[in-house]
1. Below 29 Å, Cα to Cα, which lysines can residue A:603 reach? Residues fewer than 8 away in the same chain don't count.
2. Could you give the length gained on full extension between residue A:418 and residue A:622, defined as 0.36 nm per residue of separation minus the Cα-Cα distance, in nm?
3. Take peptide A:740-753, look around each residue's Cβ out to 10 angstrom, count Cβ atoms belonging to other protein chains, and average those counts.
4. If you stretched the chain out fully between residue A:493 and residue A:327, how much longer would it get, using 0.36 nm times the residue separation minus the C-alpha to C-alpha distance?
5. Can you order the peptides A:713-725, A:408-420, A:602-614 by their average number of other Cβ atoms within 10 Å per residue, highest first?
6. Which far-off residues, 5 or more places away or on another chain, put their amide H under 5 Å from the one on residue A:779, with H placed in the peptide plane?
7. Using only C-alpha positions, report the orientation-averaged shadow area of the convex hull of the stretch A:685-769, nm², one decimal.
8. What list of ³J(HN,Hα) couplings, whole Hz, do you get for the stretch A:125-139 from phi and the Karplus terms 6.51, -1.76, 1.60, once you set θ to phi - 60° and write x for glycine and proline?
Amino acid sequence: MRQITLFLAFIGLISPILAQNFTISGTLTEASSGESIPSALVVARSSSGNTTATTNPYGFYSLTVPKGVSYTIRVEYIGYAPFKQVLGPLNTAKTLNITLKEESTQLGEVEVVSERLNANVTTTEMSVSSLTAKEIKKVPQLLGETDIIRTLTLLPGVSTVGEGASGFNVRGGNADQNLILLDEAPVYNSSHLFGFFSIFNADAVKDVKLYKGGMPAHYGGRLSSVLDVRQKEGNSQKFAGTGGIGLLSSRLMIEGPLVKDKVNFMLAGRRSYFDLFFPLFNSPELDNTTIYFYDLNIKINAKLSDKDRVFVSSYFGRDQFGASDLFDFGWGNWTSTLRWNRLIRPTLFFNATAVYSDYNYQLGTPVDAEPAFIWDSRIENYVTNAGWTWYPNPAHTVDFGVQNTAYVFHPGAISGVFSLELQQEYATEPALYISDDWRITDVFTATYGLRYSTFFNLGGRDIQVYRNPHNPIQQEATGIVPYAPGEIIASYTGLAGLEPRLALNYQVGARSALKASYNRSRQYIHLISNNTTATPVNVWRPAGQFIEPATVDQVALGWAQNFGDNGIRLSVEGYYKAFQNLLDYKDGADLIFTEYIETQLLKGAGRAYGTEVLLEKKRGAVTGWLGYTLSRTERHVDGGTRQTRINNGQWYPANYDKLHDLNLVANWSISKAWEVGGSFAFQSGRPITYPDSRAEFEGMYFPVYTNRNGARTPPSHRLDLSATYTLGAQKAQKPWESSFAFGAYNVYARRNPYSIFFRADFSQPTNVQAYRLSIFGSIIPYFTYNFNF
Amino acid sequence: MKTLRIFFSAAFLAVSGAGILFTGCQDPIDLTLPDGEIRLIVNGSVGDNQSVYADLSWSVNYLSETANPSVENALVILYENGLPVDTLHHVGKGHYDGDFIGSYAQSYHAAVTLPQNGDLPYGTWRSAPEAMGRCQTIDSIYSAFVPRAPFVREGYYVYAHWTEIAGSGDYYRAKIWRNDTLENAPFNLSVFDDGFLDGRANNGLDLPAIEVAGPDTVGVTYTLEIGSIPLGLFSYLQLLREQTLQVGGLFDAPPAPIVGNIYRDGNPDDFALGYFYASARRQAAVTITP
């Protein structure tokens, strides 16, 4: 009841007087493809001042302005020619659908930008990185594979444990603390080839947005970041395609109208082909060996009326490894999204989404092998979401909605020579949210909101109980309690589920702003992994009787400054994060196929703090960015006994704690035909654990480790270069455009240390040698043939 | 078509090269490690057909090129169900022997007392009581010739049949001697539980036979020992194997202390290294014949 009262009070606070106003609304789309353009600033200028609106993720905007006044509507968006239209005095609501034409950025042409591109200093958004597929494709890549996540790690605050590691870490968060959404569907493993490449086919991606902090209230369920990836909607104007033939894989994306201006589609596929070359080795071991991955992306959107639009999108991707009749190992994601957008009235936009997401892996022998052995595991999600965006007056934009995520966890089942199944787990996570983007004055804006999440761990399954439930130990199990299907095993409700969100922006002059944000987030599911980097066989487990939800509180303070024509942007941000109830693992924890996983876990706290600097050049022949992060990430585990402490209960650095992280990315359009690019990355060494001494067990020597992460690897640095030559670049209109991209990863063949480890000569056990493990040992050249039509 | 062929040929060469380059490199480096805290190491066992023993030594710097120094002035006492049953005597190089032979289901622990000796730790350490588990006799052991197959080398292999006792919660360690020499490198460490094979037979019918060794030559003798171990030692040996073989790799767990079941009297936070346990052991041997 208190929550409802709070909700109504919140609505009351923002309720405006609507009389004497009317609304200009519509969608913003790209002229050549008909794709909607999100996050663009739409300005209604009149003699009495400016009214602004930002397009939502579906390209919709709504401006509520006083009646009887003339307006000039202006839209500015980087990469597109400015839009301007004068509207005479109006007295009724006006629908104005706007199309933006791509701006020419070819060398020698003068760019005309009549408006200042200063959205970054007028919005409350902070700790957010946006990249378009076009920008990502300009960054030199490993083996030429355009990789969204690898590119994100070149931004401040985003890092990985090391080269080739799976997942990414944002501001001191574990890799499982990132909510990765593909068309609103959660993705549980974003890597191919154990982490070397991401699952996102850049040809199928429209844009990418990473929230490192200040998360809008409609996002929840993860502590550290939201990576929101939107697939292309498909060209509504003409049939078109993009593709490429690379060293590792080839890809093709086609799009076009099925019914012009009504129904359009996008279909993309990618497959690697390492395995196709194996027969050339003439080796019986490789004859039936398979190593490949593939992705399929599809999206169809239909305009049912001027007010209704339906989208259906799906992704299916898989990695497959197999060796003769010895083993098969496959893993992959399947996501499907059904979305309905409706413009209820010019000031009220509605979005309903139904999502299915499935991550699974199978490990075992081929089905016809003797003896056969198959190990299955999966996590399934059913997400429903209804959200409204309400534009009550020029000063407020209100988002509110309800969400529910139903989880089914299949931790593991073995069939074949053995038959064994871990119990399935069921959970549901309902949530409400509301937030208001409030333009308090022309220079002061606030986005404040509240998310309320709850979580229910449900039967049927059996729960093991312990003498001390706060420190469950297998030897102290006292019995088994069965729970019926649907019966609540554990619930997390109450005020602890409130997740306040606040972001403030104070504009100082036309080109600079002071920003601040605070957010609390709660995470109810955890990836159970004590590996340095996550593996495809790690499983997710929900909060329940013994595993509590993790929380984080983050505050951030920042300064945004634009220079010149706003083509150069500087952002400086400081942040502090306090984590609670983070999972850690007992020494020697056995996490594989463990029914009562709580007996292997520890609970701890964390803190992360740092400063991030990002200097971007968005326009001109030379573009790119310089990013620098100075940060610390630490953990603290003290359960009161030696077995439940790490490092004697002292704070210790997390695996991915790196003091300095510097990245420089640059791209230069030399001519219409030639473009060159480069990136340089430097990172401080990461923490590792060295042995303190040597002991012996029945003639075997072994290392004794007592100081986790007490040492560090040497620093890492790497230079990558690329060049693109566009064929027939001088011709104006071409039905088939193509280019060659070539370059080199790790140009000066730096052997960056992933870890330092020790190996004994077992014939002379006292003879121990230290080794440095580097994932990439040399320069890795690449070339790719790309085309579009 | 020709262009496509050239492209794929070039791609193949590049991929092959990249594949070679792609594999991680391991370079030896020079490193100095500081000396850690010196700790007592106690390793010992009591069997149902082997008398009690204990080996005592001190920990040393991990990169030390000499053996761990032995402890030769300790008082070592064996307890059964909490009562002292044997005092072990030092026979040399930190090795202590006793006469007592244990029994199934009885609980055993050892106490080690060291007098003051310079800066070295002194006092009394005690192992946690461990019950002796059960172990079935090995049904049979034999050799067989296996022809070449993918990922299988041709030659003579040694197999054993063994039936696990019904009833879950049993843990085992297997040891193998080749011509009377114990194969005792960390990668030879073999421990298993009855999670997948409770009450079942590794006889080639119900479950595959146990592959003991191979391929090897005719005339070589192999001895297989299967011994019951407590859960604590099972976890300890798994961790020991991981920490010596699987460290530093992309997917390896961060190293953790390998702590056994021996603690200083009155201070559960102060541990000695090593493990003292009870074990029921069964052996069988075969010489490879054509």
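1. A:212, A:577, A:586, A:658
2. Working: separation 204, 0.36 × 204 = 73.44 nm, distance 6.09 nm.
Computed gain between residue A:418 and residue A:622 is 67.3 nm.
3. Values: counts 0, 0, 0, 0, 0, 2, 1, 0, 0, 1, 0, 4, 0, 3.
So the per-residue partner count for this stretch is 1.
4. Details: separation 166, 0.36 × 166 = 59.76 nm, distance 4.47 nm.
Extending this stretch completely gives an extra 55.3 nm.
5. Working: A:713-725: 18.2, A:408-420: 16.5, A:602-614: 19.8.
By packing density, highest mean first, the sequence is A:602-614, A:713-725, A:408-420.
6. Answer set, sorted by chain and number: A:749.
7. Numbers: hull surface 42.1 nm².
Its Cα hull, projected and averaged over all orientations, spans 10.5 nm².
8. Coupling constants for the stretch A:125-139: 4, 9, 6, 10, 10, 10, 9, 9, 4, 4, 5, 5, 5, 7, 7 Hz.
Taken together, the values in this text are just the output of simple stated rules run on the coordinates, not laboratory data. What you see is a predicted model, and the numbers here were worked out from it, not measured in a lab. Neighbour counts run over all protein chains shown; Cβ positions are idealised from the backbone, glycine included.
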